[in-house]
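Report on the following structure.
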Amino acid sequence: MKLQTTMVTGCGSAACFCAGTEVSKVIPSINGVKLLQPDRRPDKATLAGRARDELLRQQAVTLGLLPRHDGASAPELTAHDRQVIQGMVDQAVGLPQPDEEACRRHFEANKHLFVQGQALHVRHILFAVTPEVNVHALLVQAERALVELSRPGARAERFVQLAAELSGCGTGAQGGDLGWVGPDDCDPELAHELFHHKHSRWGMGVHPRLIHTRHGFHILEVLGRRKGKPLDYADVRECIAAEVARCQRATALQRYMAGLAERAWLQGLEFDDPATGWAERPMSQ
């Protein structure tokens, strides 16, 4: 969700002063209540949070759960406000109780996630992203190193050399060796790629693509693999039920918020982004 700038396109003549003249900046608002001050430029996540809070606050006012607010800008929610709103949402969305069929479907579709004792012997080269680094140049460097290490006949010791020269991780001095790691020992992005992704079992050797995490770009090489023991449905039924319930509640909440947004008068934003629920409204609208 971003600030929307409204432009006048003019008569189309390059010589005319009216062509492309900026006449206003639309401040995101819900039912006429502004979400921020004109000089504020929050990031997308912050603005999405303010939009969500204000939409829910106005619904609570409509239901008589919170008092009216006569200000032109959205108020900051108090702890009491949030408690009232949470109760309203819980009542509207409910707490899903997944049935046995839904749980079994989830288990059958995700058996690769339910394995005990699986581990990989991994080494890596981290191209660390820091505030002062040129990310594009860093990515080019990482891709060149990956191409070199992926070539047929690449010497095993070359990985060790590049890790010592390029890695931003302390393991670079040990050739990037991370030892034996399981799904719970990795950053979520690495765990997903190494263990949880259905196509993660590419075998041994250098991973065919760079892995992006909050630390930067990683080149990974698998040196050893322990398959682990698949767990039975009965062993994981409880955690599956919790996960299915969480997913069902998230879907129900998304629909609830979409319904509120559909009935509201939105300026400068719209509800359509699956990740945050909010996105910039096209300039033509």
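The values are calculated or read from the model by the stated rules, or taken from the named source; none is laboratory data. What you see is a predicted model, and the numbers here were worked out from it, not measured in a lab. For neighbour counting, all protein chains shown are included, and Cβ atoms are generated from backbone atoms with ideal geometry for every residue, glycine included. SASA here: full protein model, heavy atoms, side chains in, ligands and nucleic acids out. Shrake-Rupley method; radii C 1.70, N 1.55, O 1.52, S 1.80 Å.
Summary of computed values
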read-out: Sorted peptide list for 253-262, 227-236, criterion being average Cβ within 10 angstrom, highest first; value: 253-262, 227-236
read-out: Bins of 10 Å, starting at 0 and running to the largest distance - Cα pair percent for the range 74-226; value: 9, 30, 23, 15, 16, 6, 1
read-out: Å³ per residue enclosed by the Cα convex hull of the range 43-150; value: 242
read-out: Of all accessible heavy-atom area on the range 116-203, the percent that carbon and sulfur account for (1.4 Å); value: 53
read-out: Long-range HN-HN contacts of residue 266 with modeled amide H, under 5 Å; value: 31
